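The values are calculated or read from the model by the stated rules, or taken from the named source; none is laboratory data. This is a predicted model, so every value here is computed, not measured. Note: ideal-geometry Cβ built from the backbone for every residue, glycine included; neighbour counts use all protein chains shown. The accessibility values were calculated without ligands, DNA or RNA, using every heavy atom of the protein model including side chains. Shrake-Rupley method; radii C 1.70, N 1.55, O 1.52, S 1.80 Å.
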Amino acid sequence: MRKTLGWLLSLVVLIGTAGAAGSTAQAATAAQSAAATDIKDQILGIPGMSLIEEKPYPGYRFFVLNYEQPVDHRQPWKGTFKQRLTLLHKDVSRPSVFFTSGYNVNTNPRRSEPTTIIDGNQVSMEYRFFTPSRPDPANWSQLDIWQAASDQHRIFTALKKIYKKNWLATGASKGGMTATYYERFYPRDMDGVVAYVAPNDVVNHEDSAYDRFFAKVGTKECRDKLNAVQREALVRREPLEAKYAVAAAENGWTFTTVGNLDKAYEAVVLDYAWAFWQYSLLADCASVPAAATASDQQIWDTIDTISGFSAYADQGLETFTPYYYQAGTQLGSPDIKQPHLKGLSRYGYQPPRNFVPRDIPMTFQPGAMADVDKWVRDNAHQMLFVYGQNDPWGAEPFRLGYGVRDSYVMIAPGANHGANVAKLMDGEKALATSKILQWAGVAPAAALADAGKAAPLAAPDAQLDQRDLEREPQLRP
């Protein structure tokens, strides 16, 4: 009996060993097969994904892609459109960053700061309704923060099957807002969020925070200098508008959307102080001319350099119609007081409605930002918000409540709208870097033991790491 049982037991062990060996061999074969498949083929194997072009870059593969998305994620059977995205591929064994600018996608290889810190892959998405990622015909009611977050969710869900390691969402300005909204609507997708200089206009008609900001930013000497240039530009409206008319004729600028050249001129002038603090530093005040003794050309040049006279022409507005539409329907927009222009300003800060063609209907939804703000205050988990001390858009920031976990708001001293982790004070920079590495699942043991030893894992690359700051209209964060 014992011999029989022993024989049966040996047979079972033998069969089990053979079965395990077979399963292991099959798994190994499958892994080898996946490894042998080129990453481009894996990506293009995703239903709805198509290649626009591949651009070479040392140490990476860089793809410009289209992905078929529902126009309406609530009713996906009602049509689709092609959404453009890019993929900077490092290795499937590395974590990934989902970057959004909130606008058009840059089709050249770029790497956001979190991507450099974690030495990972980066997916960058073009925001819906920015051409060419616009449905045709365009039903503008489908341009909202939930639909855009759902675009991200579908892209992430598709790519997560290839890039299985941790994911972080990031973006600056409207891109930081976009990353935050994505986290609000799909909080289980990302392992962390790094939102840079993200405005949070909770109550659209209450903008006193901006007035307080402009009353104390920088130095009184600099504020007075900027205000004097604005005032002088309106005092000299007639000769400077004559120059504007010449420039418009030379460049083919028209003013149908805003209404007329006079409205466009004043909008550019009223942007001047805001745009200065958004893009410049306190030291740059030295280059601002003394208004009382400046020539018309000097006044023109400084306003054109800082605000940009093309901004409110039809040709300047067209690219950003989706932004102005969102500012006037969900995101909100600032309306600051400028008492130094009393008696000279004819229109004040113009609302987003003035910058969107009249055939596009707009209705403001006051609950959209209040909902996001409350969610962040109560539920933020592994989120980092970075602001610049001298950036006007930081006057209404995201704030954290008592219920949040492992989340932070940090301010870079003296920084403008280009604030980032590298510009934080040393202690906060080390903590932020350590947290980003932890959330991505790649923190070295030394950084886990001591945040002061946390440092970016990727070597700097001047071309990849550059931030492409376009000259933006004031209403565009």
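I'd like to check one number: the per residue accessible area of the stretch 290-448, probe 1.4 Å, reported in Å² as a whole number. On a per-residue basis, the stretch 290-448 sits at 42 Å². The mean of 1/r over all distinct Cα pairs in the stretch 44-90, once inverted, gives the Kirkwood hydrodynamic radius of 11.8 Å.
When the Cα atoms of the chain are aligned to their principal axes, the ranges along those axes come out at 112, 52, 43 Å in descending order.
Ranked by the mean number of other Cβ atoms within 10 Å per residue, highest first, peptides 357-368, 427-438 order as 427-438, 357-368. Seen from V71, the other residues with C-beta closer than 9 Å to its C-beta sum to a net charge of +1, counting Lys and Arg as +1 and Asp and Glu as -1. For the stretch 116-170, trypsin sites (Lys or Arg not before Pro) are listed when DSSP marks them as loop and at most 16 other Cβ atoms sit within 10 Å of their Cβ; the list is K160, K161, K164.
For the stretch 226-321, a crude dipole built from +1 on the beta carbon of Lys and Arg and -1 on the beta carbon of Asp and Glu, taken about the Cα centre, is about 180 debye to the nearest 20. Over the stretch 281-331, the ratio between the Cα radius of gyration and 2.2 N^0.38 Å evaluates to 1.57.
Of the residues A422, I436, Q350, the one whose Cα sits farthest towards the positive end of the charge dipole of the stretch 349-477 is Q350 (charges of +1 on Lys and Arg Cβ, -1 on Asp and Glu Cβ, taken about the Cα centre). The residues neighbouring S287, those whose beta-carbon lies less than 13 Å from its own, together hold a net charge of -1 under the Lys/Arg +1, Asp/Glu -1 convention.
Quick one: pull the percentage of alpha-carbon pairs in the stretch 78-188 with a separation above 22 Å. Result for the distance tail: 28 percent. In this structure, the pairs whose alpha-carbon distance is over 20 Å, taken from K78/K160; K337/K374; K243/K342; K40/K90, are K78/K160; K337/K374; K243/K342. Charged side chains reduced to their Cβ positions (Lys and Arg at +1, Asp and Glu at -1) give the chain a dipole of some 1600 debye around its Cα centre.
Each peptide among 308-319, 371-382 gets the average number of other Cβ atoms lying within 10 Å of its residues, and from highest to lowest they stand as 308-319, 371-382.
The fraction of accessible area contributed by carbon and sulfur in the chain is 55 percent, rounded to a whole number (1.4 Å probe; ligands and nucleic acids excluded). Heavy-atom accessible area, probed at 1.4 angstrom with all protein chains present, ranks W300, W253 as W253, W300, highest first.
Neighbours of T100 by Cβ distance under 12 Å: Lys/Arg scored +1, Asp/Glu scored -1, total -1. Shown is the FRET efficiency for D301 and R358, computed with R0 = 45 Å from the Cβ-Cβ distance and rounded to the nearest 0.05: 0.85. Distances between every pair of Cα atoms in the stretch 176-316, grouped in 5 Å steps from 0 to the bin holding the largest one, split as 2, 8, 16, 16, 15, 14, 12, 8, 5, 3, 1, 0 percent. Of the GluC sites (Glu not before Pro) found in the stretch 168-245, the ones in coil according to DSSP and having at most 13 other Cβ atoms within 10 Å of their Cβ are E206.
Taking only the Cα atoms of the stretch 160-207, how large is their convex hull per residue, in Å³?
Numbers: hull volume 3.6 nm³, N = 48.
Taking the convex hull of the Cα positions in the stretch 160-207, it is 76 Å³ per residue.
Excluding ligands, DNA and RNA, the accessible surface per residue across the stretch 141-257 is 39 Å² with a 1.4 Å probe. For the stretch 112-234, averaging the sequence separation of C-alpha pairs within contact (under 8 Å, six or more residues apart) and dividing by the residue count gives a relative contact order of 18 percent. Computed over all pairs of different Cα atoms, the Kirkwood value for the hydrodynamic radius of the stretch 131-217 is 15.2 Å. For the stretch 343-436, the spread of Cα coordinates along the three principal axes comes to 49, 32, 24 Å, biggest extent given first. Between G401, L341, P322, the Cα set farthest toward the positive side of the dipole of the stretch 284-404 (charges on each charged residue's Cβ, about the Cα centre) is that of G401.
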